[in-house]
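The structure under discussion appears below in the form of structure tokens.
The values are calculated or read from the model by the stated rules, or taken from the named source; none is laboratory data. Remember, it's a predicted structure, so these values are computed and weren't measured experimentally. Here the Cβ positions follow ideal geometry from the backbone for every residue, glycine too, while neighbour counts run over all protein chains shown.
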Amino acid sequence: MHHFSSENATESDEYYGIDPLWSPSDTIYPARDAERSQHSFDQVGTRFIASLDAPIGLFDSGAGGLTILSALRQELPCENYIYFGDTAHCPYGLRSDAEVIKLSSQASQFLIDQGAKLIVVACNTASQTALNTLRATFAVPFVGVVPAVKPAARATKKGRIGVAATNQAAKALYLRQLIDEFAEGIEVYAVGCPELVTLVEQGELDGSGVEEVVRHALQPLLAKNVDVIVLGCTHFPALRPVIERITDHRVHVIDSGSAVARRTRSVLNAEALMRQANSASANGELRLWCSGNPAAFSAVSSKLLGYPVVATQTTL
């Protein structure tokens, strides 16, 4: 477990708003996705042109990013979506930075080849490690995810918050920077919970065995008497009911799904890429891909999304 205590941080300006989004090169204005993507276009000397009907692409190491997809479909139901779960290489949180950057680049290229007009990096580890490289490499706009430290800092009454993350994310410098910037005077405890990723990937979302694993994983945070837990991995919201139950609903649980969805809407507007609703197709389509076993991924995805879906396998 990693304990960070920030003493010299100051409150960020309101560019950050309520959307907890950050990339390694955005230390001053963390949420300027639209400006960054335009800057990327200017640098490569070309303007990215996409059909408004082109899909929003998402990728994750596995099924966790489907929690982000659900938030996106609620916020932007008219959009078409294509999701890639890199299940053959899951989890990213136990891999080296170089591996995560390579896998994220391959996933992004796949989504672009499928016609994606914008890519949501629906994985905390990939966002932290690869987002800067992806923005410098590809012309499409990117939206990333990071733990919702700022809203957690605002929500805590005890001044003690916990961050449940992957092993790599729990140790990352970026988390310390987020805490320094947005959690002045607040005790922040981070713990790696890779076993929770495994539960979700196996479709094990409830039951006494799941409860026991979740309780054990979060015990280091609960022992510190935190009153807010940030779900710092997109897999973890799938276990929210269990987390709330084992904490007797006395701990406020926060994730980044709705903030990422709002941010995506903002970037689509800024880039004039929003799909227009029409009577023929009120709701957009969803295509699901994975790099591992498609039957297993289809089953887990259907369980997480709450409706039947069928995934297609692709090898990158």
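Can you tell me how many residues within the range 276-303 are touching a Lys or Arg at 6+ places or on another chain (Cβ under 9 Å) and either in a helix (DSSP H, G or I) or crowded, with 16+ Cβ neighbours inside 10 Å (or both)?
2
Looking at Arg47, Arg73, which one is modelled with pLDDT under 95, in the same structural domain as Thr137 (by TED's automatic domain parsing) and not aromatic (Phe, Trp, Tyr)?
Result: Arg47 is the single residue among Arg47, Arg73 that is modelled with pLDDT under 95, in the same structural domain as Thr137 (by TED's automatic domain parsing) and not aromatic (Phe, Trp, Tyr).
So which pairs qualify, if the first residue must be in the range 64-78 and at negative phi and part of a loop (DSSP other than H, G, I, E, B), the second must be charged (D, E, K, R) and surrounded by 19 or more Cβ atoms within 10 Å (Cβ to Cβ), the Cβ gap must be under 7 Å, and the two must be at least 6 apart or on different chains?
Cys78/Arg275
Of everything in the range 130-152, what is free of Cβ contacts under 8 Å to residues at least 40 places away in the same chain and over 27 Å from Glu285 (Cα atoms)? Give them in sequence order.
Ala130, Thr133, Thr137
Considering the range 63-96 alone, what residues qualify as being over 22 Å from Ala130 (Cα atoms) and out of contact with any Lys or Arg (no Cβ under 8 Å at 6 or more places or on another chain)?
Ser70, Ala71, Arg73, Gln74, Pro77, listed by residue number.
Quick check, is Arg95 touching a Ser or Thr at 6+ places or on another chain (Cβ under 7 Å), touching a residue at least 40 places away in the same chain (Cβ under 8 Å), among the basic types (Lys, Arg) and not assigned by TED's automatic domain parsing to the domain that holds His235?
No.
Just wondering, is there one or more residues in the range 283-305 that are at positive phi and in contact with a helix residue (DSSP H, G or I) (Cβ under 9 Å, 6 or more places away or on another chain)? Give the derivation first.
Step one: list which residues in the range 283-305 are at positive phi, which gives none.
Within the range 283-305, not a single residue is at positive phi and in contact with a helix residue (DSSP H, G or I) (Cβ under 9 Å, 6 or more places away or on another chain).
Got a sec? Which of Gln168, Gln177 is more than 26 Å from Gly62 (Cα to Cα) and either modelled with pLDDT of 95 or more or in the same structural domain as Leu222 (by TED's automatic domain parsing) (or both)?
Sole residue among the options that is more than 26 Å from Gly62 (Cα to Cα) and either modelled with pLDDT of 95 or more or in the same structural domain as Leu222 (by TED's automatic domain parsing) (or both): Gln177.
May I ask you to verify whether Gln219 is farther than 30 Å from Ala183 by Cα, surrounded by fewer than 18 Cβ atoms within 10 Å (Cβ to Cβ) and more than 19 Å from the chain's Cα centre (by Cα)?
Here the answer is no, as Gln219 does not meet what is asked.
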